[in-house]
Amino acid sequence: PAMLARAKAKLPGCRFEQGDLAALPVPNASVDAALCALALVHVADLRPALRELARVVRPGGQVVISDVHPVLVQLGWQAQFRTAEGGVGFMRLNRHFAADYAAAALDVGLQLSGLYESPLTPESAMTVAREPLPDANAAAWVGLPGVIVWHFIKPGPAPARP
């Protein structure tokens, strides 16, 4: 709820709703595109979330998913965040292979349109070693694939434009 309140304040003309990735509060085939950013790595089973994304997108619509790259997760990368007290917290990430994302999407009828991989930069290689061991941290992490972005299409005619 706190994150949604911040988003609403920044984008007052947009609609935000709290929901569950496995039960989106959106009618069937009601949107032209769905974006799921850095969230699926937090679910144990990809299929319910992919099923929901496919359900809410109109035929011909798009589903775009970004996530922490599976290579990083396999190497033990963890989601880090600052706590309200100024400390650092960690959130465990679920290990999914790239093939798991593709299989879950194909199983719900989505077609792969594109796949993009973005490497970690010195600025984005945020680990506990970054401050005490910057050179070792950079040597270990910079250049590895950091984010994977999937672009799927739901088969059918493209949504009509107003």
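The values are calculated or read from the model by the stated rules, or taken from the named source; none is laboratory data. What you are looking at is a predicted structure, and each value in this text was computed from that prediction instead of being measured. In this analysis, Cβ positions are derived from the backbone assuming ideal geometry, glycine residues included, and neighbour counts consider all displayed protein chains. With ligands, DNA and RNA removed, areas are computed over all heavy atoms of the protein, side chains included. Shrake-Rupley method; radii C 1.70, N 1.55, O 1.52, S 1.80 Å.
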Taking the range 74-133, the whole-percent share of alpha-carbon pairs separated by over 16 angstrom is 64
With x for Gly and Pro, the residue-by-residue ³J(HN,Hα) of the range 43-52, computed from phi through the Karplus equation 6.51 cos²θ - 1.76 cosθ + 1.60 at θ = phi - 60° and given in whole Hz, is 10, 6, 10, 6, 4, x, 5, 5, 4, 5
Phi-derived 3J(HN,Hα) across the range 4-16 with the Karplus relation (6.51, -1.76, 1.60, θ = phi - 60°), rounded Hz, x for Gly and Pro, is 5, 4, 5, 5, 4, 5, 7, 10, x, x, 9, 9, 10
Probe 1.4 Å, heavy atoms of protein chains only: per residue, the accessible area of the chain in Å² is 60
Heads up, the range 34-128 by the C-alpha gyration tensor (a ≥ b ≥ c square roots of eigenvalues; a/c under 1.5 rounded, else a/b over b/c prolate, else oblate) looks prolate
For Ile153 the rounded accessible area (nearest 10 Å², probe 1.4 Å, non-protein molecules ignored) is 50
Counting sequence-distant residues (5 or more places) and residues on other chains, those with an amide H built under 5 Å from that of Gly60 are Lys154, Gly156
Between the alpha carbon centres of the range 109-162 and the range 1-80 the gap in Å comes to 15
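Percent antiparallel among DSSP beta bridges with both residues in the chain, to the nearest 5? Provide the component values of the computation, followed by the final result.
Details: 20 of 26 bridges.
Antiparallel: roughly 75 percent of the beta bridges in the chain.
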Descending packing, highest mean Cβ count within 10 Å first, for 79-91, 100-112 is 100-112, 79-91
Taking max minus min of the Cα coordinates of the chain on each principal axis, largest first, gives extents in Å of 53, 36, 28
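Rounded to the nearest percent, how much of the accessible area of the range 76-162 (1.4 Å probe, protein heavy atoms only) is carbon and sulfur? It would help to have the intermediate numbers written out before the result.
Values: 3390 of 5550 Å².
The value for the range 76-162 is 61 percent carbon and sulfur by accessible area.
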